[in-house]
Amino acid sequence: MIRYHSFYPAHREGAYTYLMNERDKAMLEWVRVFNPYDLYTKSHQRPEVNELRPYYEALIAEYFPAQLRW
């Protein structure tokens, strides 16, 4: 994903595919799936951490046990 994230000629135009192996091509498909959720979602304003904190804490509580074993 990170490898091709901003490589627009590849994931928008289909350029440079002759340089890709089968794994690269498979990964590129995931970039295309992810792309609509990432493009144009950035903001020039910094997020308000105190407003976001409850949301992320709820996600953590849902998917992680209350106590982690390291």
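Key figures for this structure:
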item: Members of segment 19-70 found to be more than 30 Å from Tyr8 (Cα to Cα) and in a loop (DSSP other than H, G, I, E, B), listed by number; result: Glu48, Phe64, Pro65, Ala66, Gln67, Leu68, Arg69, Trp70
item: All positions within segment 3-18 that are assigned to a helix (DSSP H, G or I) and under 22 Å from Lys42 (Cβ atoms); result: Tyr8, Pro9, Ala10, His11
item: Number of positions in segment 2-13 that are in contact with a helix residue (DSSP H, G or I) (Cβ under 9 Å, 6 or more places away or on another chain) and either surrounded by 12 or more Cβ atoms within 10 Å (Cβ to Cβ) or modelled with pLDDT of 80 or more (or both); result: 5
item: Candidate set: segment 19-43, residues that are open to solvent by 80 Å² or more (accessible area, probe 1.4 Å) and of a type in the set (A, V, I, L, M); chosen: the one farthest from the chain's Cα centre (by Cα); result: Leu19
item: Yes/no for Arg46 being modelled with pLDDT under 85 and open to solvent by 80 Å² or more (accessible area, probe 1.4 Å); result: yes
item: Any pair with Cβ under 7 angstrom, 6 or more apart, that starts in segment 21-38 at a residue that is hydrophobic (A, V, I, L, M, F, W, C) and ends at one that is open to solvent by less than 80 Å² (accessible area, probe 1.4 Å) and part of a helix (DSSP H, G or I); result: Leu28/Ala10; Leu28/His11; Val31/His11
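The values are calculated or read from the model by the stated rules, or taken from the named source; none is laboratory data. From a predicted model like this one, the values you see are computed outputs, not experimental measurements. A quick note on method: Cβ atoms are made from the backbone with ideal geometry, for glycine too, and the neighbour counts reach across all protein chains shown. Quick note on the areas: whole protein, heavy atoms, side chains included, nothing else; ligands and nucleic acids left out. Shrake-Rupley method; radii C 1.70, N 1.55, O 1.52, S 1.80 Å.
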